[in-house]
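To keep things clear, I will list the structure first and then write my remarks on it.
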Amino acid sequence: MSSGPGGKTSGLFYACAGGWYRRRMHTDDDLVPPPELPLPGFYYHYKHDPEGAEDHYAYELVGIGHHTEEDCRPEDSFLAVYRPLYESALVYTHGRMFDIRPLAMFMEKVVKDGKEMPRFTYIEDPLLIQRLSHKRDRMYFF
């Protein structure tokens, strides 16, 4: 049993992302991925500075995962799995781990300096992709 809103104890609620949510049982029919999925490949996070190092806030999206338990909000059940391509990233320094965030958040727009922009922008420049591929190989596949 868990403590729900208002201090009530109930197995009908669970905590996720700082809030309480009514438990919803999933069925296989509920597990439909969003119609638009990001392409695997290289992305810049909106914090990337085009005047700075080309690998800073650069990431490789390696896939989409699914939360297998019922204890998270349905809208957060699909997850973007990605890895940083700069050595100072926390998950890299702690053992070359992956970053994971809800897919909806990965694909959402954010506001920076009063302008709306994608949180992650797909990198299409073939020469930059080649350099980032080499960087990834050095960092993760030594």
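FYI, it's all coordinate maths here, none of it is from the lab. Since this is a predicted model, take the numbers as computed values, not measurements. Methodologically, a virtual Cβ is constructed for each residue, glycine included, from the backbone with ideal geometry; neighbour enumeration extends over all protein chains shown.
In table form, for the structure just shown:
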{"item": "Vicinal HN-Hα couplings computed from phi for the range 76-82 (Karplus, 6.51 cos²θ - 1.76 cosθ + 1.60; Hz; Gly/Pro x)", "result": "9, 6, 9, 10, 7, 10, 8"}
{"item": "For the range 48-55, 3J(HN,Hα) per residue [Karplus equation, 6.51 cos²θ - 1.76 cosθ + 1.60, θ = phi - 60°, Hz, x = Gly/Pro]", "result": "4, 9, x, 8, x, 4, 5, 9"}
{"item": "The range 33-135: GluC sites (Glu not before Pro) in DSSP coil with no more than 14 other Cβ atoms inside 10 Å", "result": "E36, E51, E69, E70, E87, E108, E124"}
{"item": "Extension gain (nm, one decimal) between D49 and S88, 0.36 nm per residue minus Cα-Cα", "result": "12.5 nm"}
{"item": "For H67, distant residues with modelled amide H under 5 Å away", "result": "F78, L79"}
{"item": "Estimated distance in nm for a label pair at R96 and R73, the labels positioned 7 Å out from Cα along Cα-to-Cβ", "result": "3.5 nm"}
